[in-house]
């Protein structure tokens with residue numbers, strides 16, 4: 001997947017409508033990606049884990065494009081990212097929301113084991129919910145995507161600009177400080193699975 005060698009800002013919208021497939025505990029669960037956020041490298045992006053340099057926690061962000069970066073958010077939820085760019089130059093795309101298209105019963109059982117699911121569209125709406133539904137944990141941090149691995153990634157079936165792939169952009173959701181003001185969130189318009197946008201509390205909005 002050569003396109004994963006590009007920058008996070010270039011790659012992020014191209015991942016919309018792509019399929020993220022987990023093969024964990026012998027069960028396949030497939031997610032059609034509907035929302036992502038781009039995160040850049042050292043000294044480029046104050047909202048990125050890599051902003052202040054390489055650490056033990058963020059080391060997977062510095063691998064070449066095509067690896068998985070999984071981290072724990074607030075000690076509660078796992079979050080999965082597609083690592084992009086050349087090796088040594090940190091970059092990642094957070095998978096924020098999607099539609100489970102295969103293995104829905106397994107995904108629902110996993111989600112119900114960790115919380116409630118109020119409506120079908122909420123099954124994988126949010127990065128923590130995605131990891132719960134697909135069985136993703138920190139055990140696969142740093143792995144490569146691949147057919148015979150825990151996670152694989154398939155390119156979008158429908159090109160951007162098609163009726164099912166009209167793209168919206170916004171500032172990040174739920175990110176405080178200067179990093180929250182950056183318009184690095186991309187999502188498919190009209191998709192119920194897209195998570196509710198929660199702008200930074202300091203962000204100025206206009207109507």
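Bear in mind these aren't lab numbers, they're just calculated from the coordinates by the rules spelled out. None of these values were measured; they are calculated from a predicted model. Neighbour counts are summed over all protein chains in view; Cβ atoms, including those assigned to glycine, are modelled from backbone coordinates with ideal geometry.
A few remarks follow.
- Counting neighbouring Cβ atoms within 10 Å and putting the fewest first, the residues 191, 56 line up as 56, 191.
- Gain upon complete extension [residue 192, residue 44; 0.36 nm per residue less C-alpha separation]: 50.1 nm
- Take every pair of alpha-carbon atoms less than 8 Å apart whose residues are at least six positions apart; their mean separation over the length of region 101-193 yields a relative contact order of 19 percent.
- Spin-label model distance (nm) - residue 52 vs residue 166, 7 Å beyond Cα toward Cβ: 4.3
- For 49, 197, 67, order by how many other beta-carbon atoms lie within 10 Å, fewest first: 197, 49, 67
- Taking the number of Cβ atoms within 10 Å of each Cβ as an exposure proxy, the fewest-first ranking of 33, 24 is 24, 33.
- Of 104, 52, 129, the one that fluctuates the most in a GNM where the chain has Cα springs shorter than 10 Å: 52
- Cα-based equivalent ellipsoid of the chain: semi-axis lengths in Å, sorted from largest, via gyration tensor: 23, 21, 17
- Per-residue ellipticity at 222 nm from helix content only, as computed over the chain with -39500 (n - 2.57) for each DSSP H run of at least four residues, stands at -3000 deg cm²/dmol.
- Over the chain, relative contact order from alpha-carbon pairs under 8 Å, at least 6 apart, %: 25
- Global geometry of region 69-110, whether rounded, prolate or oblate, following the gyration tensor of its Cα atoms and the 1.5 cut on a/c: oblate
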